Amino acid sequence: MKTGTCDLYQLHWPGLWQNDAYLEGLAETVKQGLVKAVGVSNYNEKRLQQAHDRLRDMGVPLASNQVHYNLLYRLPEQNGVLEKCRELGVTVVAYSPVAQGMLTGKYTETNLPSGARQQMGYNADFCRKAAPLLDLMRIVGEVSQVNPLPPTSAQTTTPQASLSPSPLTFNTTDKN
């Protein structure tokens with residue numbers, strides 16, 4: 001990679017019992033200047049607090065917790081992980097943000113995913129339940145003049161908006 005440091009180094013999945021040796025290793029990479037920040041992945045509320053406290057005691061802040069999180073899978077909002085991250089100042093990094101392609105509009109009741117995605121429960125019933133969300137996303141895209149989702153069969157005669165967002169302007173004049 002020919003770089004002196006890595007911006008974020010994450011521990012993927014917590015250990016089954018003790019994580020101290022892993023966390024000590026993360027802290028050591030920061031102290032040696034090899035990485036700028038460290039994070040964890042898939043830590044529940046309790047383990048997140050423990051990792052945060054242990055790293056803090058070694059003088060290293062916990063930067064992130066990478067968790068499964070998207071518009072169809074919102075468990076971090078319910079199980080305390082999102083709130084704990086907010087409380088501790090830990091950034092949530094979402095993995096599978098487009099739900100293995102489900103939120104792209106690629107899959108439908110008549111165009112189901114195959115392989116692992118189908119085994120994960122992305123079947124016709126799931127597509128049927130996700131359809132209202134995808135419809136809402138299309139509406140938001142149309143209003144914003146951005147439509148990243150393919151048209152539904154009812155929309156095939158409707159012109160699609162560009163994938164490029166329209167330029168936004170901000171008023172930066174301070175009127176006070």
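About the Cα centre, and with charges only on the beta carbon of Lys, Arg (+1) and Asp, Glu (-1), how big is the dipole of region 1-139? Nearest 20 debye, please. Present the calculation step by step, with values, prior to reporting the outcome.
Numbers: 15 positive and 13 negative charges, 65 e Å.
Once rounded to the nearest 20, the dipole reads 320 debye.
Does a label point 7 Å from the Cα of H68, set along Cα-to-beta-carbon, have any residues of region 82-97 with amide nitrogen under 17 Å, and which are they?
82, 93-97
Report the net charge of residues surrounding E109, where surrounding means a beta-carbon distance below 12 angstrom and charges are Lys +1, Arg +1, Asp -1, Glu -1.
+1
Would you please name the GluC sites (Glu not before Pro) within region 54-153 that are DSSP coil residues with at most 14 other C-beta atoms within 10 Å of their C-beta?
Passing sites in region 54-153 are E109.
Using only the C-alpha atoms of region 1-120, find the volume of their convex hull and express it per residue in Å³.
Values: hull volume 16.6 nm³, N = 120.
Taking the convex hull of the Cα positions in region 1-120, it is 138 Å³ per residue.
Of the chymotrypsin sites (Phe, Trp or Tyr not before Pro) in region 1-72, which ones lie in a loop per DSSP and count no more than 16 other C-beta atoms within 10 Å?
Here the sparse-neighbourhood loop sites are W17.
If each of T91 and A131 carries a label point 7 Å out from its Cα toward its Cβ, how far apart are those two points in nm?
Result: 3.9 nm between the two label points.
Every read-out reported here was derived from the displayed coordinates using simple, explicitly stated rules and does not represent laboratory data. Given the structure is predicted, the values throughout are model-derived calculations rather than measurements. Note: ideal-geometry Cβ built from the backbone for every residue, glycine included; neighbour counts use all protein chains shown.
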